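Student: Below: one structure in structure tokens.
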Amino acid sequence: MQYLLQNFTHPTVDQIYADLLPDMPTLSKATVYNTLKLFVDKKAVKAIYIDERNVRYDAQTRLHAHFKCRRCNTIREVPLEESDVPPFRGTPDLQLVETQIYYLGICGKCAEQQRTVSTILVQ
Ligand SMILES: [Zn+2]
Ligand SMILES: [Zn+2]
């Protein structure tokens with residue numbers, strides 16, 4: 001939990017495991033999975049499904065949305081106001097638990113690289 005509170009980088013299980021292992025040599029990946037599951041169940045941590053290859057974990061409690069770069073898969077936080085959240089228009093039998101807002105696009109770094117590549121191609 002301390003790790004997640006110090007790393008708002010939306011780490012994957014593999015990243016968390018690799019970062020904690022040097023300090024906790026007896027740690028198993030199953031323990032990381034189970035602990036994260038417990039945190040998610042207790043709503044201390046959010047599981048983020050923006051990345052189709054890996055679940056990301058987020059202990060940031062402040063309301064925010066996520067932006068994923070389609071090229072490098074970097075996930076960045078973007079501000080979100082309560083009034084930005086679209087109203088839930090489901091039928092009464094659907095119980096809303098959580099709303100997550102994702103944006104997909106190209107990050108500044110990748111856009112810059114793209115520009116450089118285009119310039120080389122043009123020359
Ligand atoms: Zn990018
Ligand atoms: Zn986040």
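Derivation of every value follows stated rules applied to the coordinates shown; laboratory data play no part. None of these values were measured; they are calculated from a predicted model. Using ideal geometry, Cβ is built from the backbone for each residue, glycine included, and neighbour counts are taken over all protein chains shown.
Student: Mind telling me which of the residues Phe67, Phe8 ends up being away from ligand 1 (no atom under 16 Å from the Cβ) and within 20 Å of Cys107 (Cα to Cα)?
Tutor: Details: Phe67 fails: away from ligand 1 (no atom under 16 Å from the Cβ).
The conditions single out Phe8.
Student: Another question about this same structure. Looking at (1) without any contact (Cβ under 8 Å) to a residue 24 or more places away in the chain; (2) more than 16 Å from ligand 2 (Cβ to nearest atom); (3) under 25 Å from Gln6 (Cβ atoms), which is the only condition Arg115 fails?
Tutor: (3)
Student: Please state which of the following conditions Cys72 fails to meet, knowing it meets all the rest: (1) surrounded by 13 or more Cβ atoms within 10 Å (Cβ to Cβ); (2) under 25 Å from Lys109 (Cβ atoms); (3) touching a helix residue (DSSP H, G or I) at 6+ places or on another chain (Cβ under 6 Å).
Tutor: (1)
Student: Where in segment 41-123 are there strands (runs of 3 or more DSSP E), lying wholly inside it, with at least 2 residues that are among the charged types (D, E, K, R)? Lay out the reasoning, then the answer.
Tutor: Working: elements: 46-48, 56-58, 64-69, 75-79, 102-105.
Of the strands (runs of 3 or more DSSP E) lying wholly inside segment 41-123, those with at least 2 residues that are among the charged types (D, E, K, R) span 56-58, 75-79.
Student: Scan segment 12-51 for residues that are of a type in the set (D, E, K, R) and within 16 Å of ligand 1 (Cβ to nearest atom) and jot them down.
Tutor: So the first thing to find is which residues in segment 12-51 are of a type in the set (D, E, K, R), and the list is 14, 19, 23, 29, 37, 41-43, 46, 51.
Passing the criteria: only Asp51.
Student: Can you name every residue in segment 70-82 that is within 16 Å of ligand 1 (Cβ to nearest atom) and over 18 Å from Leu5 (Cβ atoms)? It would help to see each step written out before you state the result.
Tutor: Of segment 70-82, the ones within 16 Å of ligand 1 (Cβ to nearest atom) are 70-78.
Matches in segment 70-82: Arg70, Arg71, Cys72, Asn73, Thr74, Arg76, Val78.
Student: Can we say Ala65 is surrounded by 14 or more Cβ atoms within 10 Å (Cβ to Cβ), without any contact (Cβ under 8 Å) to a residue 12 or more places away in the chain and touching a strand residue (DSSP E or B) at 6+ places or on another chain (Cβ under 8 Å)? Walk me through it before giving the result.
Tutor: Values: surrounded by 14 or more Cβ atoms within 10 Å (Cβ to Cβ): yes; without any contact (Cβ under 8 Å) to a residue 12 or more places away in the chain: no; touching a strand residue (DSSP E or B) at 6+ places or on another chain (Cβ under 8 Å): yes.
It is false that Ala65 is surrounded by 14 or more Cβ atoms within 10 Å (Cβ to Cβ), without any contact (Cβ under 8 Å) to a residue 12 or more places away in the chain and touching a strand residue (DSSP E or B) at 6+ places or on another chain (Cβ under 8 Å).
Student: For segment 38-62, which residues satisfy the criterion of being within 11 Å of ligand 2 (Cβ to nearest atom), under 16 Å from Arg76 (Cα atoms) and in contact (Cβ under 8 Å) with a residue 24 or more places away in the chain?
Tutor: Passing the criteria: Lys46, Ile48, Ile50, Arg56, Tyr57, Asp58, Ala59, Gln60.
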